Amino acid sequence: SSLIGGEEMPKSAIYVPMFVGEEPGGVVYVGNVDLQHAFTESDVRLLQTLASSISAALENARLFDETQQRNAELAMINSVQLGLVEKIDMRSIYQLVGRKILDIFPDTHGILIFSIDAEQKIFHGHYGLGRDNHTSEFFDMTDAYAGKPYEAFHDRMATSREVLVVNEDVQSFHEMNRLMIIPGISDTFRSMLYVPLIVGDRVIGHM
């Protein structure tokens with residue numbers, strides 16, 4: 001072990017682990033630089049009790065954060081579902097979902113919801129927003145993919161029905177899969193998330 005700053009090497013020490021759930025969450029340490037055998041069994045039990053209390057507090061905080069996050073997610077889902085009940089046209093539904101995605105990811109630089117025509121192998125754009133890299137203002141890019149032929153990548157995604165996360169080398173990913181680049185938008189992405197739109201057993205598009 002290493003010392004911090006000018007701390008002297010202790011002659012006695014107690015190290016007690018803390019756990020958050022089943023995972024190690026840290027260590028409570030007490031040291032004495034003057035005396036050997038400075039600590040008794042009673043001291044150890046006291047520190048263990050303290051560590052247990054801290055661990056319980058950390059676990060409660062973790063569960064609270066998870067609950068808050070889940071409540072926020074459920075509130076978002078409920079608001080979408082309530083909104084969908086009020087909508088009768090597909091365009092309004094796509095716009096509602098697109099706006100909710102922006103609420104969830106306010107720092108995003110691009111949102112696109114599109115369907116795919118498996119027979120004609122083309123895209124149909126339904127909602128699209130891109131953020132200008134210079135002004136940070138959003139502009140409509142709904143038609144960016146509309147009527148364009150789609151790549152084998154989207155066939156594979158439709159078959160696998162997987163959620164895809166790309167958190168690095170996005171441009172290499174675009175090039176490898178021959179994905180269409182939108183100048184000033186997707187050519188600057190550093191992370192991407194693809195989620196399939198599934199109706200029954202078919203993938204009809206992606207977000």
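The values are calculated or read from the model by the stated rules, or taken from the named source; none is laboratory data. Small disclaimer: the values here were computed from a predicted structure and weren't measured. Every residue, glycine among them, receives a Cβ derived from its backbone with ideal geometry; neighbour counts consider all protein chains shown. Side chains are part of the model used for accessible areas, which takes the heavy atoms of the whole protein and leaves out ligands, DNA and RNA. Shrake-Rupley method; radii C 1.70, N 1.55, O 1.52, S 1.80 Å.
The label point for residue 191 and the one for residue 103, both projected 7 Å from the Cα toward the Cβ, are 2.1 nm apart. Say R0 is 41 Å: what FRET efficiency, to the nearest 0.05, do residue 132 and residue 57 get from their beta-carbon distance? The computed FRET efficiency comes out at 0.35. Apply 1/(1 + (r/R0)^6) to the Cβ-Cβ distance of residue 11 and residue 70, taking R0 = 41 Å, and write down the FRET efficiency to the nearest 0.05. According to the calculation, E is roughly 0.25.
Can you tell me which of 57-69, 106-118 comes out highest on packing, and rank the rest after it, using the mean Cβ neighbours within 10 Å?
Numbers: 57-69: 11.8, 106-118: 17.2.
Highest to lowest by the protection proxy: 106-118, 57-69.
When nucleic acids and ligands are ignored and a 1.4 Å probe is applied, residue 43 ends up with an accessible area of around 60 Å².
Ordered by 1.4 Å accessible area with all protein chains kept, 174, 124, 37 run largest first as 37, 124, 174.
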